[in-house]
Amino acid sequence: MTETAVPAEKRPAISFEFFPPKTEEMEKNLWGVIERLAPLAPNFVSVTYGAGGSTRERTHSTIARILKETSLTPAAHLTCVDASRANVDEVVAAYHDVGVRHIVALRGDPSGGIGTAYTAHPEGYQSSADLVAAIKRQYPDMEVTVSAYPEKHPESPSFEADIDALKAKVDAGATRAITQFFFDNDLYLDFLDRVRGADITIPIVPGILPVQNFKQAKNFAERAGATMPDWLAKKFEGLDDDPETRKLVAATVAADQVQALTQQGIDNFHFYTMNRADLVFAISHLLGIRPNGAQKAA
Ligand code: FAD
């Protein structure tokens, strides 16, 4: 059997999400992951913002290092939680000053924890749409990406309210949405139909979570209001103490998911890497993506 090369123009676009490392060891690990994934030439790599702005400095220093030491385009996540408008503006200005031109703008989770009521800071941006508008007003050259929820956000009263919220973010200047992770592709495809039905035309990039650790993914899914299907649980049954087999199963599951989406015409994927390279590298490979030496320095 011969391998058919995927023409460059048919290769899906990819992006990767990292979280800011807490310790020197985690930083070393992240840097190894970035070095391994960078040659796959992602459209951008994003770095999350800890709950309530707890990683403000670490997110900034990770983003600044990516900008300085690699040829990757970084996108900085930013939330409105527990921050005044001045405070948020300062963070955005600091990013703009060092050359960052892409922000993933979010409301953020309630400071009392998921499940508690969200209260905006009295002098803060009241919603994610407010934040998007403020960023675009101050820096028209800043690209702004937002979130989207195929299964609707847990706080949202209805699918319609969720679509309205997404539309408000687009009207405020967002040009891309990345979805919460999902495992059943129909959830995403149905959501996409609803989004397009509401005349929202920006790319709605599916967020793909390779299941590095089933228990942890289940925990994330519960907190995020995402469905963890029974068929998925069955695939990982009995593998708690068998990381090697788990890895193979996880790669198969995620590869099947993205390949099925590709067959539906989806050509853009955002990977929640959990700061690990192996699975994401393998899945990208199966999508026809090969290292191309895009990395400038490490
Ligand atoms: P929004 O899009 O503003 O709102 C989500 C939905 O909730 C809306 O559609 C609306 O219908 C509903 N809603 C919002 N507010 C209310 C309200 N007051 N009453 C009723 N309904 C309401 N969190 C972090 O802390 N750091 C990160 O780096 C981070 N990155 C993320 C990246 C992606 C791609 C995604 C999908 C999520 C991320 N999150 C992150 C999680 C996110 O902060 C939470 O899901 C948060 O609860 C909502 O923020 P948002 O900007 O997604 O909300």
Per the filter on the range 246-268, residues loosely packed, with under 12 Cβ neighbours inside 10 Å and farther than 20 Å from Ala148 by Cα are Gln263
Only one of Lys218, Lys234 is in a helix (DSSP H, G or I) and farther than 15 Å from Phe182 by Cα. Can you tell me which?
Lys234
Considering only the range 269-278, I want to know if a residue exists there that is more than 23 Å from Phe18 (Cβ to Cβ) and among the small types (Gly, Ala, Ser).
no
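Select from the range 146-166 the residues that are of a type in the set (Phe, Trp, Tyr) and either open to solvent by less than 20 Å² (accessible area, probe 1.4 Å) or under 23 Å from Ile103 (Cα atoms) (or both) and list them in ascending order. Show your work before the answer.
The first filter runs over the range 146-166 and keeps only residues of a type in the set (Phe, Trp, Tyr), leaving 149, 159.
Result: Tyr149, single match.
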Going by the conditions given, is Tyr149 without any contact (Cβ under 8 Å) to a residue 40 or more places away in the chain, within 9 Å of the ligand (Cβ to nearest atom) and closer than 22 Å to Ala221 by Cβ?
no
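Residue by residue, here is whether (1) under 25 Å from Arg276 (Cβ atoms); (2) hydrophobic (A, V, I, L, M, F, W, C) holds:
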residue	(1), (2)
Phe182	yes, yes
Asn185	yes, no
Asp190	no, no
Arg194	no, no
Ala198	no, yes
Pro206	yes, no
Pro210	yes, no
Lys215	yes, no
Lys218	yes, no
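I'm trying to understand the selection: among the residues of the range 240-282, which are aromatic (Phe, Trp, Tyr) and either over 19 Å from the mean Cα position of the chain (by Cα) or in a strand (DSSP E or B) (or both)?
Phe269, Phe271, Tyr272
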For the subset of the range 115-135 comprising residues that are part of a loop (DSSP other than H, G, I, E, B) and among the polar types (S, T, N, Q), which member is surrounded by the most Cβ atoms within 10 Å (Cβ to Cβ)?
Ser127
Please go through the range 201-218 and pick out each residue that is of a type in the set (Val, Ile, Thr), open to solvent by less than 10 Å² (accessible area, probe 1.4 Å) and away from the ligand (no atom under 12 Å from the Cβ).
Val211
Can you confirm whether the range 229-245 contains a residue that is open to solvent by 40 Å² or more (accessible area, probe 1.4 Å) and touching a Leu at 6+ places or on another chain (Cβ under 6 Å)?
yes
Breaking point among (1) farther than 29 Å from Ala260 by Cβ; (2) surrounded by 18 or more Cβ atoms within 10 Å (Cβ to Cβ); (3) without any contact (Cβ under 8 Å) to a residue 24 or more places away in the chain, for Pro140
(2)
Across the range 167-194, which residue is most open to solvent (accessible area, probe 1.4 Å) among those that are over 17 Å from Phe269 (Cβ atoms) and touching a residue at least 40 places away in the same chain (Cβ under 8 Å)?
Asp171
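Filter the range 93-114 down to residues that are touching an Asp or Glu at 6+ places or on another chain (Cβ under 8 Å) and open to solvent by less than 50 Å² (accessible area, probe 1.4 Å) and give me whichever is nearest to the ligand (Cβ to nearest atom). Write out each step before concluding.
As a first pass, look at the range 93-114 and keep what is touching an Asp or Glu at 6+ places or on another chain (Cβ under 8 Å): 101-103, 111.
If we keep only those that are open to solvent by less than 50 Å² (accessible area, probe 1.4 Å) as well, we get 102-103.
Working: His102: 13, Ile103: 11 Å.
Restricting to residues being touching an Asp or Glu at 6+ places or on another chain (Cβ under 8 Å) and open to solvent by less than 50 Å² (accessible area, probe 1.4 Å), the top hit is Ile103.
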Could you count how many residues in the range 48-99 are among the hydroxyl-bearing types (Ser, Thr, Tyr) and not in a loop (DSSP other than H, G, I, E, B)?
5
Every listed condition ((1) closer than 26 Å to Ala148 by Cβ; (2) within 16 Å of the ligand (Cβ to nearest atom); (3) modelled with pLDDT of 95 or more; (4) open to solvent by 10 Å² or more (accessible area, probe 1.4 Å)) holds for Ile66 save (4)
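The values are calculated or read from the model by the stated rules, or taken from the named source; none is laboratory data. Nothing here was measured: the structure is a model prediction, and the numbers come from that model. Methodologically, a virtual Cβ is constructed for each residue, glycine included, from the backbone with ideal geometry; neighbour enumeration extends over all protein chains shown. Note: areas computed on protein heavy atoms with side chains; ligands, DNA, RNA excluded. Shrake-Rupley method; radii C 1.70, N 1.55, O 1.52, S 1.80 Å.
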